[in-house]
1. Lys/Arg Cβ at +1, Asp/Glu Cβ at -1, dipole of the chain taken about the Cα centre: which of Gln135, Trp145, Leu32 is farthest positive-ward?
2. If you wrap a convex hull around the alpha carbons of region 1-106, what volume per residue comes out, as a whole number of Å³?
3. What does region 164-218 give for Rg and for Dmax, in Å, if only its C-alpha atoms count?
4. Over region 39-157, what number does the Rg to Rh ratio reach, with both radii from the alpha-carbon atoms and Rh per Kirkwood?
5. Going out from 0 in 5 Å bins, what whole percent of all Cα-Cα distances in region 206-247 drops into each bin?
6. So how compact is region 39-88: Cα radius of gyration and Dmax in angstrom?
7. What are the principal axis extents of the Cα atoms in region 137-179, in Å, biggest first?
8. Using the Cα atoms of region 110-234, I'd like the radius of gyration and the largest Cα-Cα distance, Dmax, both in angstrom.
Amino acid sequence: MKELVAFDLDGTLAESKQPLQEPMGEALANLLDVAHVAVISGGDWPQFEKQVASRLPERADRTKLWLMPTTGTKLYRFDGEWRAVYAELFEEDEKQKILHAFDESLEATGFVPEKTWGERIEDRGSQITFSALGQEAPIDAKHSWDPDFAKRKVIQADLQKRLPGLSINMGGATSIDITREGVDKAYGLKKLNEASGIALDKMMFIGDAIFPGGNDYPAEQLGLDVVKVKNVDGTLAAIAGIVACLK
């Protein structure tokens, strides 16, 4: 019997950088009645607060919710208010090396879109994230830019040569996340195991990027039972099935 269900965020629980819609908030509340729930994604805490924490119905049992920004290098729990349990941050020289590599890689690969919306590179403390069209790009533009991940695979391969010893993963609709070596969703899930005391074989993971190079794939490599979804509707269907089984 599973005790915890972990989720990716963008493309799985919500559209890219968009708040949970009411049906998803209600579905998660139902799931929290029968299991612990974790959300692990590349976004930083402000994005998690906007997309998840502030969108749950009042009845949701937040004490069973584990929010893990920046690929699990941060953990937030609720005890009347949301508090950081830990945060693993880059040193300043590490950040500068990554930012320089991004500039060189984008010039070398030539993937410079005609139009962008907001900053393309974001320092999230424990993670540096590249958003090809900018942090504020509209959903339609994001979905059409790299639907098969082909463009980002080229950038990812170039960055891997420039930044040996760091983890470089694709996530969301247009983003690439860089963390310290070994930091991926498997790392975050192992941290979750330590923090929660819930065994890995009692967890399952749901995500939309469970394929080699996708930032959800490490969960499958770790040996967790996984559910691959294509979109938010698929996640809603999966949650309904899980709740029915666990009741």
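1. It is Leu32, whose Cα lies furthest towards the positive end.
2. Per residue, the Cα convex hull of region 1-106 comes to 123 Å³.
3. Over region 164-218's Cα set, Rg and Dmax evaluate to 12.0, 34 Å.
4. 1.03
5. Calculated over all Cα pairs of region 206-247, the distribution is 6, 25, 25, 21, 18, 5, 1 percent.
6. 10.1, 32
7. Sorted from largest, the Cα extents of region 137-179 read 34, 17, 12 Å.
8. 15.3, 48
The values are calculated or read from the model by the stated rules, or taken from the named source; none is laboratory data. Because the structure is a prediction, the values reported are computed rather than measured. Don't worry about glycine lacking a Cβ; one is built from the backbone with ideal geometry, like all the others, and counts go over all protein chains shown. Surface accessibility is based on the protein's heavy atoms, side chains included, excluding ligands, DNA and RNA. Shrake-Rupley method; radii C 1.70, N 1.55, O 1.52, S 1.80 Å.
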